[in-house]
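K.L.:
Please see the structure below; I have some questions.
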Amino acid sequence: METDTAPAAAAAPAPAPAAGGGLKRKRQQQQQADAAAADIEMLPPLAKRSRPFVEKRSIVIPPNRRTPLRQQWPELCRILVEQLNLQCRCITRRPVWAVELRNSPLTKDDGHLQKGADLVDAFVKGFQIGDALALVRLDDLYIDTFTVADVKPSLKGDHVSRAIGRVAGKNGRTKFMIENATKTRIVVADHTIHILGAYDNVQAAKRTVCDLILGSPPSKVYGNMHARASKAAAKW
């Protein structure tokens, strides 16, 4: 006896996406991909597109350093151009003089521009070119600048001159002794004092100069100075 079995209910088919919308979306994606590939192909090589970034430094020359600058300009230019590969010029528009530096395609190190600016700035502050050249050759040197008023604001009139005289000494002997003991270079320009050297040495020289400005006995100051210099040398 044959029995009739009802066929299983077939699952309802999912609605097919509209053919027009899918093809349009695919066509847009393909067009965007083709446009991006065309932009990449049209770009010139990076070496031809990029231009060297020009960076400048300008150092103002005070009136009292214009004559030394005229005399030492050939030597200063030789260091800036041959050793640091920089471009330099002196702008003599009155009343402001300035030395302008900028990098060139031959400048290999980005730090050479800052070293050149430090060299010119040290010369402007009164250091000899031979001493200022140490800023180019060594990386751990800097210049500390302060005034007599920063150390003792109460000094007025002739007392300031006496304090400066204690720092310089007779014929500059005290200043030379401090320089030799601390391995620094010191420039006394009116009421301003510049010290060039490594950090520990500059701090030792600065404390000695401050003690002399404050009026400490020279014998005590020299003893403390040699102790600080020996301590700084022992670190190395």
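Rule-based calculations on the coordinates, nothing more; no lab input. Only a predicted model underlies this, so the values are computations on that prediction, with no experimental measurement involved. With ideal geometry, Cβ positions are generated from the backbone for all residues, glycine too; neighbour counts draw on all protein chains shown.
K.L.:
Provide the FRET efficiency to the nearest 0.05 for the Asn64-Tyr199 pair, computing r from the beta carbons and using R0 = 25 Å.
P.N.:
With a Förster radius of 25 Å, E is 0.30.
K.L.:
FRET efficiency for Glu55 and Arg89, Cβ-Cβ distance as r, R0 = 22 Å, nearest 0.05?
P.N.:
Using R0 = 22 Å, I get an efficiency of 0.90.
K.L.:
Among the listed pairs Lys108/Lys231; Lys56/Lys170; Lys152/Lys175, give every one whose C-alpha distance is greater than 31 Å.
P.N.:
Violating the 31 Å limit, Cα to Cα: Lys108/Lys231; Lys56/Lys170.
K.L.:
For the residue pair Thr145 and Gln71, what label-to-label distance in nm results when each label sits 7 Å from Cα along the Cα-to-beta-carbon direction?
P.N.:
Going from the Thr145 label point to the Gln71 one covers 2.2 nm.
K.L.:
Pick out, in residue order, every one of the trypsin sites (Lys or Arg not before Pro) in region 128-212 that is DSSP loop and has at most 15 other C-beta atoms within 10 Å; say none if there are none.
P.N.:
Answer in residue order: Lys156.
K.L.:
With a ≥ b ≥ c the root eigenvalues of the C-alpha gyration tensor of region 143-234, is it rounded (a/c under 1.5), prolate (a/b larger than b/c) or oblate?
P.N.:
prolate
K.L.:
Could you give the length gained on full extension between Gln30 and Lys170, defined as 0.36 nm per residue of separation minus the Cα-Cα distance, in nm?
P.N.:
Value of the extension gain: 41.6 nm.
K.L.:
Please compute the modelled spin-label separation between Asp190 and Lys220, points set 7 Å along Cα→Cβ, answer in nm with one decimal.
P.N.:
3.2
K.L.:
Now for a separate question. Measure out, as a whole number of angstrom, how far apart the alpha-carbon centroids of region 137-185 and region 197-219 sit.
P.N.:
8
K.L.:
From Cα pairs below 8 angstrom and at least 6 apart in sequence, can you work out the relative contact order of region 56-139, rounded to a whole percent?
P.N.:
Over region 56-139, the number comes to 32 percent.
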